Amino acid sequence: RGLKPVAILAQDVPRPRRSQRILSRRLARNRHLYGITRSSLRFSSLFIFIPIPTRAVQALCRSAVPMSQLSNVSCTLGHDVADDTTVFGGFTFEIVALVATMIFFGLSSRSARCVSAGAFSGQVAKKYCWAEDDCCAKLSRPQDLVTALMASAGNKDHSSVVSMFRDLRAMPGVALKTGCEEAGVACSELVVAVVQSSLREHAFDMKAVDQVLALMQEQEIERTPEMYEALMRVFACKRMYKEALAIHDAMEASGVSPSETTLSCLIAFASHANEPERAVQFFTKLKEVAQPHIRAYMTVLGIHSRRGDVNASVEIMHGMQKDCPELVDVLIVNQVLTTCRNALDLRTTLEIMRHYQGQEVLDCISYNTALKTCAASADLGAAEQVFALIPAGLASSVTYNTMMDAAVRAQDASKAWNYLENMRSRGIAEDKYTVSTMVRALTLEPSARRVRVLLEMQKGLELDQRLLDSTFHSLLDACGGTQDPDVRREFYCAVQARSLGLSPGDYSILLRGLLSQGDAETAKVVMLAMCERGLRPSQELFAMLLESSVRQKREDLASAAFDAVTTADFTPAWSMCVASWASYFSVLTRYGNNRSIVEAHRKMATTYQQRVALSVTLRAVADSSTIEKTMEIFEVLAAPGVPVDDALYNSLLVACLKEQQADIALRLLAHQSEHNGPASSTTICTAVRIFGRCCRAAEAHRLVLDHQSRNPLDISICNALLKAYVTNRQTPKALELLDVFFGETGVKPDGQTYEILLTGCAHANSWGKAVGVVEHAAAAGVSIPSNLMGKIRSQISSLRCSRALLIRLDDVWWTVGQ
């Protein structure tokens, strides 16, 4: 500023380095205000060594006081500032003089802010009243306070502005009006500055604004339209649209009319503040005073679109066509069409399209919007009418996607596929919306060819995870409606190419389809992938896979699936059910060896009890192989100490009965007697039946006698022995046992006993003995089936000299006959 630089030499004062750093940083940030170069900020050229409060230095850097106002104060330090020629780091005299003033008076940070804001006329020392309690200085005249306030606003010291305005309002009389007039500042500018500072300091209160406006009215201060417009701009910049509308209300209350520009802005304010009624009112007022701008039209049309008011939108568009047709452009027509789409007004949409057909106000977006209205209304005929109006080369992928959507909504899948082919023939690329729409068309009429088309379509597209999941789920459902055995394999290849993880339900659907078509190879791959992801296959699915492996004679498939589900670390733990284990043992029995069966049994024994595992293993082996192989595995697994229940022995004896293996039955009985104790009645009965079928009735008799020595006989054992003798054509021996067993043991015969004996007598043609058996049954009070009695009577009647037998038979007929 053309002033000589001076220096404060304080050699005898301590030199705190922290004050140097603070002052250097603050001055460096604001060096553009004072023309300070970077080289002048080096510590080597800085000679201020006096401790200064941090906020005082901060205020110092905001502004400077002219030399003429502080020359007397700074001279009291004992320096001749006018003659001193020592260079002070390149800093101007104003900064040094202000530092000296703060040092001399010992000002606090708040007082320093007041000093820094004073670029006003007069001598500053005479205008302050120093208070020792808070070291705070205040201005005594309103005009000085107004000047300082505006200076602080210019320096963006918003807290000082708020504080000073609070002091100005607290002054008595018409201080606001007087201060503004004497300082030459417009009151409206002061109010706007205060509101801006309040917003920046987060100390804004709408009630305070109302009070300021009321204070201006009391002091008869003019409230100009520019002031209200400036306030509305301030609030609009902060997106405080409701407050801007409140300023308009105050403007109307004061009798100030808004300008055309203000009304246009108010329409936008009301729209943003979600007050559509007020926006329409402002638009009506604007139309009364001037021609609205295109932006005002678009704002009001957007409001009607959100409300779905088609009639109001069409009325505005017709008014524009009448008053200013040049404003009706593509944006206006598209906005009205959007309103029709939101309201699903198909009739108005078609009228607009026909009215403007062939004009330049329709573009691709216009036709697409109209098509979306038709699609949302599920009116394929109307969509085809609009599609026919589209000029050549104007249709896009959105156009065809919308036509496909309209066809799908109308439940016409064939037309949707036709539009896809038409789209491809025109060289228009598909997108993710095409995939999504055609997947819905596929669910209407699934086929293997269409599934392959969609699988091929999705390869080159980037689809989000949600769309991928829904797409492949729908494709999987569509695969279930086809009979092509290869489509599911192709589907799973696409899943692997996308590195997708299907849900447990989708895995189940895929596996069921593959197994139902006999594709056990792909099913095994899917099962392994399922296990790798930690998903538990259901017991039913695993059993289906094993059964399919059995049908295809693929032991490797069964083994691979078995290894996958038994070694996978499932959480929670998963174990094969008994049915799955039985199916697996069946596969191993038919296509494996004894060693693999033993290893599988040991794995099962880790999950189930040894008794249960042994029973499942041997029963599955017995059902799928011979009793000899079963007995070999039994002798390996049923080691000493391994519990074997009677049910397992009985099952193995039943297998011996089917194959008539009496020797193996004896081995089983010996093993049971050695490791499990005496056999039960059921076991003995089964063994007797085996010996009887093998024509070894004598051994069966010895077995029964041995059992009788330890346990009482059972009627089932006696009947089995009788049947063994009868089967071996030894009916007399059986008749002898009738009195022995049932007389000595006390076992009561039943109907089955007499049926066995009568059958043996009939086979031996011993009709006299048969009549004796009937008489014995009558004496025991046991009934004999009438069909058997009739057969015996008819046979006796055919014989000669049988009258006596007939008389004997008829005497007991009514007693034992049923």
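The values are calculated or read from the model by the stated rules, or taken from the named source; none is laboratory data. Computed from a prediction, not measured in an experiment: that's the story for all the values here. Quick reminder, even Gly has a Cβ in these numbers, built from the backbone with ideal geometry, and neighbours come from all protein chains shown. Surface areas here come from the heavy atoms of the whole protein model, side chains and all, with no ligands, DNA or RNA. Shrake-Rupley method; radii C 1.70, N 1.55, O 1.52, S 1.80 Å.
Numbers at a glance
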{"quantity": "Candidates Ala687, Ala670, Ala665, filtered to the one that is without any contact (Cβ under 8 Å) to a residue 24 or more places away in the chain, more than 60 Å from the chain's Cα centre (by Cα) and under 21 Å from Ser615 (Cα atoms)", "calculated": "Ala670"}
{"quantity": "Which listed residue is surrounded by 15 or more Cβ atoms within 10 Å (Cβ to Cβ) and touching a Cys at 6+ places or on another chain (Cβ under 8 Å), from Arg488, Arg450, Arg512, Arg440", "calculated": "Arg488"}
{"quantity": "Selection from segment 159-188 of residues that are within 14 Å of Glu201 (Cβ to Cβ), open to solvent by less than 30 Å² (accessible area, probe 1.4 Å) and not aromatic (Phe, Trp, Tyr)", "calculated": "Ser160, Val161, Val162, Met164"}
{"quantity": "Any chance Met404 is aliphatic (A, V, I, L, M), touching a Phe, Trp or Tyr at 6+ places or on another chain (Cβ under 6 Å) and open to solvent by less than 30 Å² (accessible area, probe 1.4 Å)", "calculated": "yes"}
{"quantity": "Residue in segment 496-508 that is open to solvent by 30 Å² or more (accessible area, probe 1.4 Å), modelled with pLDDT of 80 or more and either farther than 30 Å from Ser548 by Cα or of a type in the set (A, V, I, L, M, F, W, C) (or both) present", "calculated": "yes"}
{"quantity": "Every residue from segment 744-761 that is small (Gly, Ala, Ser) and surrounded by fewer than 17 Cβ atoms within 10 Å (Cβ to Cβ)", "calculated": "Gly746, Gly751"}
{"quantity": "Failed condition for Glu243, given (1) within 23 Å of Arg295 (Cβ to Cβ); (2) in contact with a Lys or Arg (Cβ under 7 Å, 6 or more places away or on another chain)", "calculated": "(2)"}
{"quantity": "Pairs with Cβ under 6 Å, 6+ apart, first in segment 439-453 and of a type in the set (Asp, Glu), second not in a loop (DSSP other than H, G, I, E, B)", "calculated": "Glu445/Ala413"}
{"quantity": "Test for Leu371: is it over 22 Å from Pro446 (Cβ atoms) and at pLDDT below 90", "calculated": "no"}
{"quantity": "In segment 232-253, the residues that are open to solvent by less than 30 Å² (accessible area, probe 1.4 Å) and in contact with a Ser or Thr (Cβ under 9 Å, 6 or more places away or on another chain)", "calculated": "Met232, His248, Met251"}
{"quantity": "Some residue of segment 268-278 being in contact (Cβ under 8 Å) with a residue 24 or more places away in the chain and closer than 17 Å to Ser188 by Cβ", "calculated": "no"}
{"quantity": "Residue match in segment 392-401 (condition: more than 31 Å from the chain's Cα centre (by Cα), farther than 22 Å from Gln335 by Cα and open to solvent by 10 Å² or more (accessible area, probe 1.4 Å))", "calculated": "yes"}
{"quantity": "Evaluation of Gly677 against (1) more than 19 Å from Ile597 (Cβ to Cβ); (2) touching a residue at least 24 places away in the same chain (Cβ under 8 Å) (one fails), failing number", "calculated": "(2)"}
{"quantity": "The one condition in (1) at pLDDT 75 or above; (2) open to solvent by less than 20 Å² (accessible area, probe 1.4 Å); (3) in contact with a Lys or Arg (Cβ under 9 Å, 6 or more places away or on another chain) that Leu618 fails to fulfil", "calculated": "(3)"}
{"quantity": "Hey, Ala279 touching a helix residue (DSSP H, G or I) at 6+ places or on another chain (Cβ under 9 Å), more than 27 Å from Leu394 (Cα to Cα), assigned to a helix (DSSP H, G or I) and open to solvent by less than 20 Å² (accessible area, probe 1.4 Å) or not", "calculated": "yes"}
{"quantity": "Residue, farthest from the chain's Cα centre (by Cα), within segment 207-251, restricted to residues that are modelled with pLDDT under 85 and among the acidic types (Asp, Glu)", "calculated": "Glu220"}
{"quantity": "Helices (runs of 4 or more DSSP H) within segment 291-389 that include 1 or more residues farther than 22 Å from Ala410 by Cβ and open to solvent by less than 60 Å² (accessible area, probe 1.4 Å)", "calculated": "294-307, 310-323, 330-343, 346-355, 364-376"}
{"quantity": "Residues satisfying the stated conditions in segment 689-719, i.e. open to solvent by 10 Å² or more (accessible area, probe 1.4 Å) and among the aliphatic types (A, V, I, L, M)", "calculated": "Ala698, Leu703, Leu705, Leu713, Ile715"}
{"quantity": "Residues (assigned to a loop (DSSP other than H, G, I, E, B) and either acidic (Asp, Glu) or closer than 21 Å to Lys459 by Cα (or both)) located in segment 471-502", "calculated": "Asp484, Asp486, Ser499, Leu500, Gly501, Leu502"}
{"quantity": "Hits in segment 442-465 - residues which are of a type in the set (Gly, Ala, Ser) and more than 17 Å from Gly480 (Cβ to Cβ)", "calculated": "Gly460"}
